[in-house]
Each structure stands twice: as C-alpha cells, then as structure tokens.
Amino acid sequence: MSQLSHRGFSQLFASVWNTFKSNYLLCLGIMVPIVLMMPVAVVGRVATGVWATGDGLNVLAGQTASIAFWFFFASLIMSPISAYLFYKIVRRVRHGSRSNKGLYGKIVALMMLGNVCLLPGVAAMAVGNPNQFVGMELGWELIRDSMTLSQDDQEARAAKTSGDQQDQKGALAENEKEVMKEVQSKEKKIKELKSTKRAAPSIVGFLLILVGVLSLWLWLPWSAMALLDPEENASDVKSAIRRGREIASGSFWPIIGVWIIITIIAGVSCAALLLPGIFFGMPLAMCLVSGMYLCLRGELQPADA
C-alpha cells in the first residue's frame, strides 16, 4: 500500500494528461464499449418505461420500471465494465501488473451502493415529469393511427379505381372517421400532458443528483480501483469503501476541479466538432479515474510520466 498525501489540482490534471498521452490507443479502445453502452442505457430505459406504461397509461408502473432498468443496468453492467476497463489503464502504466480476480459480485455491490445515492434525485426528476412515458406511449399510438389512416386512404383509392361496391367505400370512410377522432383525441391529450410538468421537483431532482455525484467522488471510483488492485488490502466492500475515502482524503476539491475541466473538454469537443470529440475529448475522459487514482496513491508524479 502506497503512502498517501494531499494532491493539488495541477498534479492531478498533469497525471491525467500524462496518462492519456502514454496510453492513447488503449484509451481510444476503452472508449468504444463505454460510449456504446450509453445509448443502450437511454433507449432501454425509455423503452422499458413506455412498455410498462402500456395501453392503460399506468404512470406509476412506467416510472418505476424505468428507474429500475436504469438502476440495474448501471449496477450490473455499465459501471462494473467501466471499472474493469479503467483499471486496465492502471495495469498498463504498471507495465502489466495483475488485477484481483473473481470480484464481480463485490464490484456490483459497490456500484449498487453508489447508485442508491442517486436514487432520490432520479425519483424527484420523475415526479417533476410524471407523464413523460404516457406522452411517448400516446405518441407511438398516434404514429400507428396515422399509418392506419394512410393505409385506409390507399384502400379507398384502390376501391374507387376498381369500381368496388359502395358499401365497401362507406365502411372505409366510417373507419377513417373513427381513426381521425382517436388521432385528434390523442393529440389533445399530448398537449395537455405537456402542461403537467412541474419545475420545482425537477430542480430539486437535479440538485440532488448533483450532490449525489459530488459525494460519489469522495469514495466510489477509488473504492472500485482499490477493490481491483492487488496492491491494496481491500478484500471486501466495507474495506474498499474505507480505503476509497482514505485515498481521496484531503483532495476532494482538486478532484472535482479536474472532473469539471475534463468533462467540459470532452463535452465541448464532442458538441462542437465530432472528430475531436471521438479522437481527443472522449479518450481523455477515459483516463480521468485511472490518472487521478495513480496520482492520489503517489505512483505517478507529473515529472515521472
């Protein structure tokens, strides 16, 4: 176990930057699965919420299922995979040192505890926009009704061209009227749902998520790294949390500062120009945890990189 000491912003940022420069291709490779998991998480959560809302427009079921999907997908898949990939950078810096094996269950437990810290904010955000999945379900039904109208219109034209019986034309016209009523009714409901959004719970939820994320930087990334690191004595979740807090002790604000700067760099490079985001901003973000972890443990000084 290395000797810990306070690390400033410049030391942490230099460590992340130097780790990035010396492990660029690895960071680029790690970026691919992590970035691919993000849309899967978003689409999966939305699809689960819409599915659970169903034709009965059950608001509570939709919101609960959506939050459950996020919690378990993040805890069981996204966060553990990210932790293992970030530790690969640490191993590379150490020239191929091994990692602890058979720790998936403990990593999952650690990530579940971390995601529990975000649940109040996520729930408050759901309260602020309770009908988001109802609107999506109605929107999907609206698309299906529009397709039905289009199909009926084509059949009506075909009947007119072929000179079919008047009864068939009348049935098609009647069905079209019914579908049009449903479309207008759903359009009205969607407009009404937009007015049900509440700003106060959404703001509270955002602030709770922000506080939760900031609090996680006190222990979660470093606990996960310590659990995977054979040079640490973190053999279980409790000792990993304790060790994570020790590693970050005295360096909280420099850690937050580096996180904010790297996040801004990655976000701006992706939003403004796609290629710099793919080949610079996002790979740099992949080094955030690994570079700071090595510096906080005293392994990677800026002058050594």
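The numbers here are math on the coordinates, done by the rules we state, and not lab data. Only a predicted model underlies this, so the values are computations on that prediction, with no experimental measurement involved. Note: ideal-geometry Cβ built from the backbone for every residue, glycine included; neighbour counts use all protein chains shown.
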Taking segment 1-137 and dividing mean pair separation by its residue count, relative contact order in percent (alpha carbons under 8 Å, at least six apart): 31
Hits in segment 99-125: amide N under 16 Å from the 7 Å Cα→Cβ extension of Ile203, namely 124-125
Backbone N within segment 6-29 under 14 Å of label point (7 Å from Ile260 Cα along the Cβ vector): 9-10
Ranked from fewest to most other Cβ atoms within 10 Å of their own Cβ, Met38, Met292, Met112, Met282 fall in the order Met38, Met112, Met282, Met292
If each residue's Cβ is checked for other Cβ atoms within 10 Å, how do Arg243, Arg198 rank with the fewest at the top? Arg198, Arg243
Using 1/(1 + (r/R0)^6) with R0 = 22 angstrom and r between the beta carbons of Val40 and Ile278, what's the FRET efficiency to the nearest 0.05? 0.75
Which residues among segment 205-234 fall inside the zone where the amide N is under 12 Å from a point 7 Å beyond the Cα of Val127, along Cα→Cβ? 205-206, 208
Can you sort Tyr104, Tyr24, Tyr87 from fewest to most other Cβ atoms within 10 Å of each residue's own Cβ? Tyr104, Tyr24, Tyr87
Label points 7 Å out from Cα along the Cβ direction at Ile81 and Val268: separation in nm? 3.1
Looking at Leu25, Gly56, Ala83, which one has the Cα that reaches farthest to the positive end of the dipole of segment 14-119 (charges on Cβ: Lys, Arg +1; Asp, Glu -1)? Leu25
Approximate spin-label separation Tyr104-Ser249, in nm, with each point projected 7 Å along Cα-to-Cβ: 3.4
